[in-house]
């Protein structure tokens, strides 16, 4: 399974994945573990395909890297 792609070069930061459920899972994790609540709902990505969500508050890149490593590891093994 592909990791969630993060576009740090835009404001707000965007999260991209081909699966709606994967983005929902990540956003729930960010809310529950790091209290990250200012974000969009996941929506269809009309430009790149798949789905996109936006983060409207600061997010440590390590939070996403560690979640991606755990998620991809669980779903590829």
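Rule-based calculations on the coordinates, nothing more; no lab input. None of the values given here were measured: they were computed from a predicted structure. Every residue, glycine among them, receives a Cβ derived from its backbone with ideal geometry; neighbour counts consider all protein chains shown.
Counting other C-beta atoms within 10 Å, which of 6, 33, 72 has the fewest, and how do the rest follow?
Working: 6 18, 33 11, 72 15.
If I rank by nearby Cβ atoms, fewest first, I get 33, 72, 6.
Tell me, what is the percent relative contact order of the chain, built from C-alpha pairs under 8 Å that lie six or more residues apart?
33 percent
Measure of size requested: the Rg and Dmax of the chain, with Cα atoms as the atom set and Å as the unit; please supply both.
When restricted to the Cα atoms of the chain, Rg and Dmax are 11.6, 34 Å.
In nm, what is the difference between 0.36 nm times the number of residues separating residue 33 and residue 65 and their Cα-Cα distance?
So the chain would gain 10.1 nm between residue 33 and residue 65.
Arranged from highest to lowest average of other beta-carbon atoms within 10 Å per residue, in what order do the peptides 17-29, 46-58 appear?
Highest to lowest by the protection proxy: 17-29, 46-58.
Going by C-beta contacts inside 10 Å, put 40, 14 in order with the fewest on the left.
Ascending number of Cβ neighbours within 10 Å: 40, 14.
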